[in-house]
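A.B. asks: Here it is, the structure in full.
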Amino acid sequence: MAGLIVLIVIVVLVVILGLWAAGVYNGLVRLRNLVQEAWRQIDVELKRRHDLIPNLVETVKGYAAHEREALDAVVAARTAAVTPNETMQQQAEHEGALSAALGRLFAVAEAYPNLKANHNFLALATELTETEDRVAAGRRFYNANVRELNTRVESFPSNLFAGVFHFARADYFEIADAAQRAVPQVGFGGPAAPLPSSLPSSPASPSSSATTAPGAQPPPYGTPQ
């Protein structure tokens, strides 16, 4: 009888331990999936921003073609931002530099009244600003999930399961330079028209192919493993 009681206690303990282990494992899986989902949301917005920039550059060229420094800075920053197979830190640095270059381009546009009144420019600038806001919100959500995942991966006893089942720390998506955190803001004295489904380049400008990085589709950026 005593042996049966001991056996039952052992079985109960094994069941409890198994349920606890399953809970820890499933929690790590859930957090990893949340991090990856949050990054995919950021990636969608980054790709949209990259796709809008060539039209913006061509529109500005039609009115301020001699502003080569500001235009070239945006083109170079975009090319760096769509570079494949980068680390999360490299991607964040390039996106920050792109935001700064866009901010300088919008500042240059203030000196050109005709450009500021251009339908395409207003629509593109407004859409880029809204995209920047969504990227910032997505970054906060992503980093919050990364923080929770990393805490679980490093904390005892969940770190034991993380090591056995290869749950790794995820990288934060952060812009270190405070000057690069500024979101380009558009305030040209009037409401922007809705963004057309197709935004043509300015008739006075050359083909936009010179501003587009090689490859029609930017690749995924630093997807957490």
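The values are calculated or read from the model by the stated rules, or taken from the named source; none is laboratory data. The model shown is predicted, which means the values in this text are computed figures rather than measured ones. Note that we place each Cβ from the backbone using ideal geometry, even for glycine, and neighbour counts take in every protein chain shown.
A.B. asks: So which residues in region 13-50 are among the acidic types (Asp, Glu) and free of Cβ contacts under 8 Å to residues at least 24 places away in the same chain?
C.D. replies: Glu37
A.B. asks: Under 6 Å by Cβ, and 6 or more places apart or on different chains, what pairs join a residue from region 123-138 that is outside any helix (DSSP H, G or I) with one that is modelled with pLDDT of 95 or more and surrounded by fewer than 17 Cβ atoms within 10 Å (Cβ to Cβ)?
C.D. replies: none
A.B. asks: Go through Val75, Val35 for me and flag whichever is in a helix (DSSP H, G or I), touching a Ser or Thr at 6+ places or on another chain (Cβ under 9 Å) and β-branched (Val, Ile, Thr).
C.D. replies: On the way: Val35 fails: touching a Ser or Thr at 6+ places or on another chain (Cβ under 9 Å).
Selected residue: Val75, the only one of Val75, Val35 that is in a helix (DSSP H, G or I), touching a Ser or Thr at 6+ places or on another chain (Cβ under 9 Å) and β-branched (Val, Ile, Thr).
A.B. asks: Please pick out the residue among Ala100, Ala144 that is part of a helix (DSSP H, G or I), at pLDDT below 95 and not basic (Lys, Arg).
C.D. replies: Values: Ala144 fails: at pLDDT below 95.
Only one candidate passes the filter, namely Ala100.
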